[in-house]
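Take a look at the structure below.
The values are calculated or read from the model by the stated rules, or taken from the named source; none is laboratory data. Given the structure is predicted, the values throughout are model-derived calculations rather than measurements. As a convention, Cβ positions derive from the backbone with ideal geometry for all residues, glycine included, and neighbour counts pool all protein chains shown. Heads up: the accessible areas ignore ligands, DNA and RNA and are worked out on the full protein's heavy atoms, side chains in. Shrake-Rupley method; radii C 1.70, N 1.55, O 1.52, S 1.80 Å.
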Amino acid sequence: MRLPTDEEIRALHVRHAPTPEALELVYTHCEIVCGIAEQLLDTGGFGLDRDLVRAGSLLHDIGVYRLYDAEGRLDHSRYVAHGVLGHALLEEDGLPQALCRFCSCHTGMGLTSRDVLRQHLPIPVGDYLAESEEEALVMYADKFHSKTDPPVFLTPAAYAATLRRFGKDKVSKFAAMRERFGEPDLTPFIDKYGHALV
């Protein structure tokens, strides 16, 4: 499988971003998630495919661009659909399924058919779960940064608190990922990007 280069990935973002502001928000977040995932790889020695993790991190949120309207406003009410939208976008661009899955399978701690039905989510009923360790690592790294206005970094405790409303199984899954991958040192990212830690 040929993976796109960083330059090709950046070009995809530029092509699909509806505004420079959207590009800055989404691409910066993807860079941060990539940095966190690579830091965890460096400290954990997991034997994962580093190039796949990098490409998946840099592409995982590309579907957010499809939630912007003509005036550049983000549709927050359909935000949960950004993963499925990103998967479709990458498929249309001819990227391999192994990369498309980083989009559709990173939301929360993964979404099951039951989650989709119970929460009346605006996506096709199905299971959107990380299957590979690379997918799981990107999903996990994503939890430490949020594209809120303004963007913020999240401690493990802060993210775990947001999961409680979705059920104990989601909290337990996050705890298992913390045990598996460890906790990132967010200090270098806070220093570089200037986003607050909550």
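Here the spin labels are modelled as points 7 Å beyond Cα on the Cα-Cβ line, and at Asp69 and Arg114 they lie 3.6 nm apart. Residue order by solvent-accessible surface for His120, His13 is His120, His13, largest first, with ligands and nucleic acids left out and a 1.4 Å probe.
Globularity index of segment 46-132 is 1.11 (Cα radius of gyration / 2.2 N^0.38 Å, N = number of residues). With the gyration tensor restricted to C-alpha atoms of segment 1-67, the semi-axes of the equivalent ellipsoid amount to 24, 13, 8 Å, longest first.
Measuring r between the beta carbons of Asp51 and Ser77 and using R0 = 35 Å, the FRET efficiency lands at 0.45. Charges on Cβ only, +1 for Lys and Arg, -1 for Asp and Glu, centred on the Cα centroid of the chain; of Pro188, Ser132, His120, which one is farthest towards the dipole's positive end? Of the options given, the answer is His120. Accessible surface of Arg15, taken over heavy atoms with a 1.4 Å probe and every protein chain present, rounds to 150 Å². For segment 106-196, a simple Cβ point-charge model (Lys and Arg +1, Asp and Glu -1, everything else neutral) yields a dipole of about 480 debye relative to the Cα centre. For Glu7 and Lys168, the difference between the fully extended length at 0.36 nm per residue and the C-alpha to C-alpha distance is 53.9 nm. Here the dipole of the chain is about 800 debye; that uses its Cα centre as origin and unit charges on the Cβ of Lys and Arg (positive) and Asp and Glu (negative).
The residues neighbouring Arg114, those whose beta-carbon lies less than 13 Å from its own, together hold a net charge of -1 under the Lys/Arg +1, Asp/Glu -1 convention. Dimensions of segment 96-138 from C-alpha coordinates, computed as largest minus smallest value along each principal axis and given longest first, are 28, 19, 11 Å.
For Tyr79, Tyr68, Tyr140, the ranking by accessible surface with the largest value first comes to Tyr79, Tyr68, Tyr140, using a 1.4 Å probe. Rounded to the nearest whole angstrom, the semi-axes of the ellipsoid equivalent to segment 87-198, taken from the Cα gyration tensor as √(5λ), stand at 24, 18, 14, largest first. With Cα extents along the principal axes in Å defined as stated, name the option among (1) 41, 38, 36; (2) 51, 37, 25; (3) 52, 43, 33 computed from the structure displayed. From the options (1) 41, 38, 36; (2) 51, 37, 25; (3) 52, 43, 33, the structure gives (1).
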